[in-house]
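Peer 1: After the structure tokens below, expect a handful of questions from me.
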Amino acid sequence: MNQHVLDIHTHHEDGKPGEAIVCKMPHDFVPTPGYWYSVGIHPWEVLNIHGKELLDLHSLAQHHQVVAIGETGFDRIRPLSQFTQTLLFGNHSNIADEVGKPLIIHMVKAADLLLAEKKKLNPQVPWVIHGFRGKPQEAEQLLKAGLYLSFGEHYNVETLQLTPLDRLFLETDEATCGIGFIYNKVAADLGMEVERLKEVVKKNIDCIFFNGDSRMFGQKQ
């Protein structure tokens, strides 16, 4: 089992190697030995992408340090083309299925779009919504559809408490605090010991991001 990763989504390589999954755009992907990555095109960047970026994504998805695809997704707060976001999302989903790696999803006020794509695409790999802040009713819909939820610095406590432990991940994303603070906060809200929470999340990470194997840093699949 992987014994290190506690943070499934961050944009910074400022922690210990192997402690987090670092999210990169294809043009920013310059892997550092010992680190794990996700690679994708953020929906905010839909107006800035070009064909080479998509070709690079397809190639980089197979890199042995890349353990997830994304983040990609839907955002209704930004003035973005829903049509373009949907095309880009479908592209990411297809790549994730092809390489057999989970999809990291950015979702803002777009649960209906995401659920429609889940039904249409019928993915073969897990879908993980990062930085989830939604209300319990929304979470129940997403969990029923088989998605996983990752919680960061800010979240709805009731939503956290109804999330099954085997669907739970934690992250820092762009948080002002470290992953240790988030584990302590979530453990308190769940009424469980921090070490027990770490064991639960590590098990989920090993299962979803590392296929339950004992892959070590730098070792190719």
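The values are calculated or read from the model by the stated rules, or taken from the named source; none is laboratory data. What you are looking at is a predicted structure, and each value in this text was computed from that prediction instead of being measured. Cβ coordinates were reconstructed from backbone atoms using ideal geometry, including for glycine residues, and neighbour counts include every protein chain displayed.
Per-residue answers, yes or no, for (1) part of a helix (DSSP H, G or I); (2) under 18 Å from the mean Cα position of the chain (by Cα); (3) at pLDDT below 95:
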| site | (1), (2), (3) |
| --- | --- |
| 161 | yes, no, no |
| 175 | no, yes, yes |
| 182 | yes, yes, no |
| 189 | yes, no, no |
| 196 | yes, no, no |
| 206 | yes, yes, no |
| 216 | no, no, yes |
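Peer 1: Looking at (1) more than 25 Å from residue 120 (Cα to Cα); (2) part of a loop (DSSP other than H, G, I, E, B); (3) at pLDDT below 95, which is the only condition residue 56 fails?
Peer 2: If we test residue 56 against (1) more than 25 Å from residue 120 (Cα to Cα); (2) part of a loop (DSSP other than H, G, I, E, B); (3) at pLDDT below 95, just (2) comes out false.
Peer 1: Here's a follow-up. So, restricting to strands (runs of 3 or more DSSP E) that lie completely within the stretch 76-153, which ones have at least 2 residues that are in contact (Cβ under 8 Å) with a residue 12 or more places away in the chain and over 25 Å from residue 47 (Cα atoms)?
Peer 2: Here the list reads 148-151.
Peer 1: Something else about it: Take the residues in the stretch 76-107 that are surrounded by fewer than 16 Cβ atoms within 10 Å (Cβ to Cβ), over 17 Å from residue 62 (Cβ atoms) and not polar (S, T, N, Q), then tell me which one is modelled with the highest pLDDT.
Peer 2: 90
Peer 1: Search the stretch 21-43 for residues being in contact (Cβ under 8 Å) with a residue 40 or more places away in the chain and touching a His at 6+ places or on another chain (Cβ under 8 Å), and hand back the single one that is surrounded by the fewest Cβ atoms within 10 Å (Cβ to Cβ).
Peer 2: Here the answer is 42.
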